[in-house]
Amino acid sequence: MKRIAIIGAGSWGTALAVMAARAGHDVRLWSRSAEVISSINERHVNPRYLSSAQIPTSVLASGEIPTALKGAELVLFAAPSHAARELLTAIVPHLAEGAIVVSVSKGIEIETGKRISEIAKEAGATTSFVCLSGPSFAKEVVEGHPTAIVAASKDATAARVVQNDLSFGNLRIYTNTDVIGTEIGGSVKNIMAIAAGMAAGLGFGSNSVAALITRGLAEITRFARREGAQVETLMGLAGLGDLVLTCTGSLSRNRFVGHELGKGRSIEEITAEMSEVAEGINTARAVKQIADRASLEMPIVNEVNAVLYQGKSAREAVGDLMSRPLREEVP
């Protein structure tokens with residue numbers, strides 16, 4: 001049994017708390033919300049996220065970072081990317097010696113283009129860092145659906161610790177050493193899910209979504225290789241696996257955003273109704289900025305940005321993608 005701290009009580013943070021507790025660990029879950037904290041501690045239910053899931057009594061919620069982190073051997077970071085720098089800076093001084101930081105955040109900081117591992121390093125974290133990613137909806141994990149994900153770290157021992165401590169029942173964890181590819185695969189796929197959702201919202205069928213997934217994977221791979229990732233990672237769970245799930249699954253927030261855009265709704269109207277963050281909205285801008293600086297061709301990313309930020313219609317965006325100059329599939 002280990003002491004595990006989880007920073008962020010959204011859907012994934014709650015799901016991981018449930019799974020870690022089922023595996024026999026002592027879990028502390030940090031949240032900003034007094035309502036969430038009291039409900040978890042008194043009724044063992046998160047009233048905002050995964051409210052149908054019964055949270056084991058070994059999970060205790062707290063609003064104090066030092067309390068949540070005290071003695072924690074694994075610290076799971078499950079906050080949105082826009083809050084990453086603030087929270088990582090806050091938790092670093094309270095990390096126990098030898099603690100492993102495990103990020104499940106799938107985003108890129110919009111102001112800097114930095115990945116979570118890079119932000120953690122800049123925040124002063126000197127401990128081992130693991131990125132946990134792959135095709136996984138939180139709701140299905142807690143409901144017992146077989147799920148396979150990846151723990152990536154330059155420290156192979158730390159990755160194996162996460163693999164051994166969090167693999168339980170229906171959750172199976174593989175390891176790799178490619179943090180860059182795992183982080184990029186988990187982040188950029190959200191942009192492609194918005195595009196796939198737009199196609200569905202416009203009434204297009206499986207042909208269109210399959211084309212977007214395939215060409216989207218080509219863009220993600222091109223971008224990731226430029227950043228130093230391994231191609232094999234993008235063909236695995238953290239790349240293709242997560243991309244397929246997010247582009248086709250009905251529980252995908254990013255696909256939902258695209259679907260509503262395809263129906264003609266504004267991004268402001270859509271996000272006003274959402275209780276959780278669709279990371280692809282901010283990631284689209286961050287990735288476009290990086291790609292533009294590197295003169296990297298990413299047509300799907302460009303069209304998603306045009307719809308999100310320039311008032312272009314989803315139908316115009318799809319039309320422009322289809323009318324691009326003809327070329328070989330593999331240059």
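Where a number appears in this text, it was derived from the coordinates with a stated rule and is not lab data. Just so it is clear, the structure is predicted and the values come from calculations on it, not from any experiment. Positions of Cβ are generated from backbone atoms using ideal geometry, with glycine treated the same way; all protein chains shown enter the neighbour counts.
Couple of notes before you dig in:
- Relative to the longest principal axis of the Cα atoms of the chain, helix 253-262 runs at roughly 30 degrees.
- Viscosity 0.890 mPa s, 25 °C: Kirkwood-radius Stokes-Einstein D of segment 3-177 over Cα pairs, µm²/s: 155 µm²/s
- Once the Cα atoms are used to define both axes, helix 179-201 deviates from the longest principal axis of the chain by about 50 degrees.
- Sparse packing (at most 16 other Cβ atoms within 10 Å of the Cβ) combined with a DSSP loop state is found for the following GluC sites (Glu not before Pro) in segment 233-312: GLU273, GLU276, GLU297.
- Of the GluC sites (Glu not before Pro) found in segment 126-226, those in coil by DSSP whose Cβ has at most 16 other Cβ atoms within 10 Å are GLU143.
- Of the GluC sites (Glu not before Pro) in segment 37-87, those whose Cβ has at most 13 other Cβ within 10 Å and which sit in DSSP loop: GLU64
- Alpha-carbon centroids, segment 205-235 and segment 67-95: separation in whole Å: 31 Å
- 32 Å tail of the calculated P(r), the chain, as % of Cα pairs: 26 percent
- The chain: angle of helix 280-293 to the longest principal axis, Cα-based, in degrees nearest 10: 60 degrees
- Rounded to the nearest angstrom and listed largest first, the equivalent-ellipsoid semi-axes of segment 129-265 from its Cα gyration tensor are 27, 18, 10.
- Alpha-carbon centroids, segment 255-314 and segment 149-172: separation in whole Å: 32 Å
- For segment 187-322, the Kirkwood hydrodynamic radius from C-alpha pairs, put into Stokes-Einstein at 20 °C and a viscosity of 1.002 mPa s, yields a diffusion coefficient of 147 µm² per second.
- Cα centre as origin, Lys/Arg/Asp/Glu Cβ charges: the chain dipole, Debye: 180 debye
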